[in-house]
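Undergrad: Okay, handing you the structure first.
Quick note: the coordinates plus some simple rules give every number you see, no bench work behind them. Bear in mind the structure is a predicted one, so any value in this text is a computation, not a measurement. Every residue, glycine among them, receives a Cβ derived from its backbone with ideal geometry; neighbour counts consider all protein chains shown.
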Amino acid sequence: MRRIMTVLIATMLVSGCAKDGKLILSSVPNNCGSTGHTFTWIKYGDSHLAALELSNIGRDAEWRFRLIPDRGAGPIAYTDAIVTITGKTAADAWVNISGQHSTDPVLILCVPAGLVIGADVNYMIDVQWVGELDPRARVVM
């Protein structure tokens, strides 16, 4: 019970400062050797898959995908669904990550420093048992 409460409190604290699709500049170091991050929330479950159509990402910053599956007591455990995020073009091939909510509810990518400001990053989200989605991101710094 203590572990569940700890996870819930940590999730609320992190989500309280997260703005879906907006680049958040901060002085706190990230896993990419710089600062700043963008959250893109991916919500999925029985007959639905949703993510923000356009996210703003920063060069050399983190791009965090928060996985939010249905937790109902249906026949499919969506918390165990494999979520795969991949770039659609050769230029976007750096977008390549996969995971599941039951293992890690936040998938993290490091955005390359050499991207052109204003460029679009085209990627696909594929959720096992649900389907695919085709959003994009724009480089803003």
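Undergrad: Just want the ordering: Leu25, Leu109, from fewest to most Cβ atoms lying within 10 Å of their own Cβ. Don't jump to the answer; show the numbers that get you there.
TA: On the way: Leu25 12, Leu109 21.
Least crowded to most crowded, the residues run Leu25, Leu109.
Undergrad: Let me ask something else about it. Around Gly131, under 15 Å between beta carbons, what's the net of Lys plus Arg minus Asp minus Glu among the other residues? Before the final figure, lay out each step's value.
TA: Values: positive: Lys43; negative: Asp46, Asp70, Asp126, Glu132, Asp134.
Result for the local shell: -4.
Undergrad: Normalising by the residue count of the chain, find the relative contact order in percent from Cα pairs under 8 Å and 6+ residues apart. Could you put the intermediate results ahead of the total?
TA: Working: 316 pairs, mean separation 32.5, N = 141.
Averaging sequence separation for qualifying contacts and normalising by length gives 23 percent for the chain.
Undergrad: Positive end of the dipole of the stretch 20-139, charges at C-beta (+1 Lys, Arg; -1 Asp, Glu), about the Cα centre: which of Tyr44, Ile82, Val139 has its Cα farthest in that direction?
TA: Value: Val139.
Undergrad: Another question, then. Assuming a ≥ b ≥ c are the square roots of the Cα gyration tensor eigenvalues, decide whether the stretch 88-134 counts as rounded (a/c under 1.5), prolate (otherwise, with a/b larger than b/c) or oblate.
TA: Values: a/c = 2.95, a/b = 1.62, b/c = 1.82.
Oblate, since a/c reaches 1.5 and b/c is not below a/b.
Undergrad: Additional query: Once the dipole of the chain is set up with Lys and Arg at +1 and Asp and Glu at -1 on Cβ about the Cα centre, which of Trp94, Leu109, Cys32 lies farthest towards its positive end?
TA: After comparing all options, I get Cys32.
Undergrad: Test of understanding: ordering Ile57, Ile68, Ile97 by Cβ neighbours within 10 Å, fewest first, what list do you get?
TA: Numbers: Ile57 24, Ile68 18, Ile97 15.
The most exposed by this proxy come first: Ile97, Ile68, Ile57.
Undergrad: How would Ser34, Ser102 line up from fewest to most surrounding beta-carbon atoms within 10 angstrom?
TA: If I rank by nearby Cβ atoms, fewest first, I get Ser102, Ser34.
Undergrad: Is there a quick way to get the dipole size of the chain? I mean about its Cα centre, with the Cβ of Lys and Arg at +1 and of Asp and Glu at -1; what is the value in debye to the nearest 20?
TA: 460
Undergrad: Summing -39500 (n - 2.57) over the DSSP H runs of n ≥ 4 in the chain and dividing by its residue number, what mean residue ellipticity at 222 nm do you reach, to the nearest 500 deg cm²/dmol? Spell out each step's value before the answer.
TA: Numbers: 1 runs with 15 residues, N = 141.
Value at 222 nm, helices only: -3500 deg cm²/dmol.
Undergrad: Follow-up question, since we're still on this one. Taking the Cβ of Gly114 as the centre, find all other residues whose Cβ is under 14 Å away and add up their charges (Lys, Arg: +1; Asp, Glu: -1). Could the numbers behind the result be given before it?
TA: Working: positive: Arg59; negative: Asp60, Asp92.
Neighbourhood net charge equals -1.
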